[in-house]
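A short write-up of the structure that comes next.
The values are calculated or read from the model by the stated rules, or taken from the named source; none is laboratory data. Just so it is clear, the model here is predicted, and its values are computed rather than measured. Cβ sites come from the backbone with ideal geometry, for glycine too, and all protein chains shown count toward neighbours. SASA here: full protein model, heavy atoms, side chains in, ligands and nucleic acids out. Shrake-Rupley method; radii C 1.70, N 1.55, O 1.52, S 1.80 Å.
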Amino acid sequence: MDLLHSSGVELVQYLQLNYRDSQSWFTFISIAADLRNTFFVFFPIWFHLCEAVGIKLIWVAVIGDWLNLIFKWFLFGHRPYWWVHETKLYGNSSLPTLQQFPLTCETGPGSPSGHAMGSAGVWYVMVTAFLTFGLQKKRSGFQKSRVFLAAHFPHQVFTGVLSGMVVAEVFGRINAIYNASFKRYLQITLFLFSFALGFYLLLKVLGIDLLWSLEKAQRWCARAEWVHINTTPFAGLVRNMGALFGLGLALNSPIYAESCKGKRGQQFSFRISCIVASLIVLHVFDSVKPPTQSEFLFYFLSFCKSATVPLAAAAFVPFCVSQLLNRQDTKKL
């Protein structure tokens, strides 16, 4: 692995040296590839354009990120920004210099890349939908951006992309997700959370700390404020469980059936209004950040916040838009 890691470090150095002027672009691509945009941007747009695609996006994002967490805990992958300081490969020679950025210091294990895996799965779903509508595929540069930021080795990005596409392809063949009951959503949410927590606690009892990477991030990150609690493994887990729970609650709510399943839901103007209203509401909602003083409170509020996102976009906003349009129609009469 040392040879693979050292080759990856050389590529990181090459990108940082030769593409220094593209730093802002790489940073933007990395932010755009974050799963946050799947929940706050892509989902409300696709859900109201093509409901099945929106539902699939949430499932692929949640299950893909959950699998990524399990893979990370199994593989114990390092990240470039701390590996260069702890490896004995370089001996007494000078260590490679890797530039760090605010997005570099993620706290979870590095393999496979969560950004690459999540983005590959989500974009696979969206590109497939575009192709279905006769549009051409567009490429993104998130693979190179994660290496430039020294957050991942190239092989971690490659395995992440491949894994994400596999998850998206598998869920393209599972039709049960489109008519699942709230009970089934609740069962799956509890199973995923219990499995991850149980696996962590089991290894904890056996003397294996799956949060080992947090200490390395805190030790080797260039600036302490770049280490965020929202990059920890459990932060991602509760966010994903919240999103899946919220989607199940929304799709099985009476206000969703009333607003989206009736004649109003078939109107293009209604769908566009829901998209615009959802994006505005979620943008304002996203500006409210859970307090980080208490880990338990942060995780609990993160779950609630994530659950509210699909609930607002798929149920509350369409219901409010529908009521507003009904009143306007009544006034015209």
Using only helices, what value at 222 nm comes out for the chain when you add -39,500 (n - 2.57) per DSSP H run of length 4 or more and divide by the total residues, to the nearest 500 deg cm²/dmol?
-21500 deg cm²/dmol
Return the single residue from 268, 42, 193 with maximal mean-square fluctuation; model: Gaussian network over the chain, springs between Cα atoms under 10 Å.
268
Per residue, the convex hull volume that the Cα atoms of region 152-230 enclose (Å³)
156
What are the ³J(HN,Hα) values, in whole Hz, obtained from phi via the Karplus relation 6.51 cos²θ - 1.76 cosθ + 1.60 with θ = phi - 60°, for each residue of region 97-112 in sequence order, with x given for Gly and Pro?
9, 10, 6, 10, 9, x, 8, 6, 7, 6, 9, x, x, x, 10, x
Counting only the heavy atoms of the protein chains, how much of residue 308 is accessible to a 1.4 Å probe, in Å² to the nearest 10?
50
For the chain, with every protein chain kept in place, what is the accessible area per residue (1.4 Å probe, Å²)?
51
For the chain, cysteines whose Cβ has no other cysteine Cβ within reach (under 4.7 Å):
50, 260, 274, 304, 320
Could you order peptides 295-304, 194-203 by the average number of other Cβ atoms within 10 Å of their residues, highest first?
295-304, 194-203
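Using a 1.4 Å probe on the protein chains only, how many percent of the accessible area of the chain belongs to carbon and sulfur? Mind dumping the intermediate values first?
Working: 10880 of 16860 Å².
About 65 percent, which is the carbon plus sulfur part of the accessible surface.
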Over region 151-284, the quotient of the Cα radius of gyration and 2.2 N^0.38 Å is 1.41
Can you tell me the relative contact order of the chain? Whole percent, Cα pairs under 8 Å, sequence separation 6 or more.
23
Membrane-span-like helices (DSSP H runs, Cα span along own axis at least 18 Å, mean Kyte-Doolittle at least 0.5) in the chain -> 51-75, 114-132, 154-171, 182-205, 233-251, 268-286, 295-311
Got a number for the accessible area of residue 329? Probe 1.4 Å, square angstrom, nearest 10.
60
Note the listed values [x] 1.07; [y] 0.97; [z] 1.26, then indicate which one is Cα Rg over 2.2 N^0.38 Å calculated from this particular structure.
[x]
